[in-house]
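Accompanying notes for the structure given below.
The values are calculated or read from the model by the stated rules, or taken from the named source; none is laboratory data. A quick note: this is a predicted structure, and the numbers were derived from the prediction, not measured. Every residue, glycine as well, gets a Cβ built from its backbone with ideal geometry; the counts of neighbours run over all protein chains shown.
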Amino acid sequence: MRHFLTLKDFTKEEILEIVETGLSIKKNLKAKIYNQELKNQTLAMVFEKSSTRTRVSFETGMFQLGGHALFLSNRDIHLGRGEPVKDTARVISGMCDMVMIRTFEHSMIEEFARYSSVPVINGLTDSYHPVQLLADYMTLVEYGMDKNIVAAYVGDGNNMTHSWMMLAAKLGFELRIATPKGYEPDSRVLEDALTIAKESGAVIKVMNDPKEAVSGATVVTTDTWVSMGQEEEKEERVKTFEGFMVDDAMMSLAQKDARFLHCLPAYRGLEVSEELFEKHSEIVFSEAENRLHAQKGLMVWLDKNRGD
């Protein structure tokens, strides 16, 4: 049984195959060809964290593949209200064909997957957001930016940072991460990524100067400085991250044809300026749409690789 909890568990070839599957399905969709690869299957969507893109993309994607998606918040099921995760996992996986979970602790989704009899997909945890990176890389492929990548991540060392590290390590490109001191990525995740990078040839650097990170980059990306659950830290974080906004001046340090990516939602005037965001809005919203197509490719790939 293959689960999709982090890119660490997948080879370069498998990641590229998933993205290519998504691109093929997208091409068919644009031509109004619906092959319904998951006809009559059911996806359980467990949400302990709310989301616009995750819910719409998975629910729409499952419908387009001929299946059905169930939205399950922690108000709708017993998970987190007395029933052990392992019991909920065995119940849901006994009734549904696949499960997507968006939650806080990564250990929760790992436990769920351990007891699930069907594939489990990480729709986001505090540690990783791998489905977003599938969409990001798909977007770079479509824009012809997937060769000789030099990516700069500017901002908080959060789940997006960790996922960029894993993508870079697996695919073998250069990634520069710039965070304020004290906000660097998890050292254990960095160690894992650097170990993988030794085999792939990836270069992963962590620094505290955003200008150094962006200089000569082909791709510049960022994320919110205040993730869900960190609202009480907002005032302190805004002060700490001063100088880390991606704006025209910072972007001018990248290569002339460099692209800007953002996983959304974007908070203009904080991690990105209004002007810079709007200049790159076409690719950012293509990136958002590709959540739909990349995740369809992922679900089809997982279904074909159940091992049963």
Legend entry - Filter result for Tyr143 (surrounded by fewer than 21 Cβ atoms within 10 Å (Cβ to Cβ), within 22 Å of Val284 (Cα to Cα), aromatic (Phe, Trp, Tyr) and assigned by TED's automatic domain parsing to the domain that holds His262): yes
Inset, instruction - Answer yes if at least one residue in segment 148-157 is farther than 16 Å from Met207 by Cα and surrounded by 24 or more Cβ atoms within 10 Å (Cβ to Cβ), and no otherwise. - result: no
Inset, instruction - Find the residue count for segment 34-45, including only residues that are in contact (Cβ under 8 Å) with a residue 60 or more places away in the chain and out of contact with any His (no Cβ under 9 Å at 6 or more places or on another chain). - result: 3
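Step by step: first the residues of segment 290-304, then only those that are in contact (Cβ under 8 Å) with a residue 24 or more places away in the chain and of a type in the set (Lys, Arg), then the one that is surrounded by the fewest Cβ atoms within 10 Å (Cβ to Cβ). Which residue is that? Spell out how you get there, then give the answer.
Quick first cut of segment 290-304, residues in contact (Cβ under 8 Å) with a residue 24 or more places away in the chain only: 290-303.
Checking which are of a type in the set (Lys, Arg) leaves us with 291, 296.
Working: Arg291: 27, Lys296: 25.
Among residues in segment 290-304 that are in contact (Cβ under 8 Å) with a residue 24 or more places away in the chain and of a type in the set (Lys, Arg), the one surrounded by the fewest Cβ atoms within 10 Å (Cβ to Cβ) is Lys296.
Does at least one position in segment 187-199 carry a residue that is in contact with a strand residue (DSSP E or B) (Cβ under 7 Å, 6 or more places away or on another chain), under 22 Å from Asp248 (Cα atoms), modelled with pLDDT of 95 or more and among the aliphatic types (A, V, I, L, M)? Walk me through it before giving the result.
First, pick out the residues of segment 187-199 that are in contact with a strand residue (DSSP E or B) (Cβ under 7 Å, 6 or more places away or on another chain): 190, 193-194, 197.
Applying the additional criterion that residues be under 22 Å from Asp248 (Cα atoms) yields none.
No.
Every residue, every condition in (1) of a type in the set (Gly, Ala, Ser); (2) more than 25 Å from the chain's Cα centre (by Cα), yes or no:
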site	(1), (2)
Glu48	no, no
Arg53	no, no
Val56	no, no
Gly66	yes, no
Phe71	no, no
Asn74	no, no
Gly82	yes, yes
Val85	no, no
Ile101	no, no
Legend entry - Residue match in segment 91-101 (condition: of a type in the set (A, V, I, L, M), touching a Leu at 6+ places or on another chain (Cβ under 8 Å), buried (at least 24 other Cβ atoms within 10 Å of the Cβ) and closer than 26 Å to Ala266 by Cβ): yes
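For segment 185-194, how many residues are in contact with a helix residue (DSSP H, G or I) (Cβ under 8 Å, 6 or more places away or on another chain) and either surrounded by fewer than 22 Cβ atoms within 10 Å (Cβ to Cβ) or farther than 17 Å from Ser127 by Cβ (or both)?
Filtering segment 185-194 down to residues in contact with a helix residue (DSSP H, G or I) (Cβ under 8 Å, 6 or more places away or on another chain) leaves 185-186, 189-190, 192-194.
With either surrounded by fewer than 22 Cβ atoms within 10 Å (Cβ to Cβ) or farther than 17 Å from Ser127 by Cβ (or both) added as a condition, the list becomes 186, 189-190, 192, 194.
Residues that pass the stated criteria total 5.
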Inset, instruction - Give me the pairs, please: first residue somewhere in segment 176-194 and among the charged types (D, E, K, R), second residue anywhere and in a helix (DSSP H, G or I), beta-carbon distance under 7 Å, and either six or more positions apart or on two chains. - result: Arg176/Ala213; Asp186/His162; Asp192/Lys8
Inset, instruction - Would you tally the residues in segment 150-168 being within 18 Å of Ile18 (Cβ to Cβ) and in contact (Cβ under 8 Å) with a residue 40 or more places away in the chain? - result: 4
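Is it true that some residue in segment 263-273 is among the β-branched types (Val, Ile, Thr), surrounded by 14 or more Cβ atoms within 10 Å (Cβ to Cβ), without any contact (Cβ under 8 Å) to a residue 60 or more places away in the chain and farther than 15 Å from Ala152 by Cα?
From segment 263-273, those among the β-branched types (Val, Ile, Thr) are 272; that's our starting set.
Narrowing further to those that are surrounded by 14 or more Cβ atoms within 10 Å (Cβ to Cβ): 272.
Then keep just the ones that are without any contact (Cβ under 8 Å) to a residue 60 or more places away in the chain; that gives 272.
Next cut, farther than 15 Å from Ala152 by Cα only: none.
Within segment 263-273, none of the residues are among the β-branched types (Val, Ile, Thr), surrounded by 14 or more Cβ atoms within 10 Å (Cβ to Cβ), without any contact (Cβ under 8 Å) to a residue 60 or more places away in the chain and farther than 15 Å from Ala152 by Cα.
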Legend entry - segment 268-308, residues that are touching a Ser or Thr at 6+ places or on another chain (Cβ under 6 Å) and of a type outside the set (A, V, I, L, M): Glu271, Ser286, Glu287, Asn290, Arg291, Gln295, Gly297, Trp301
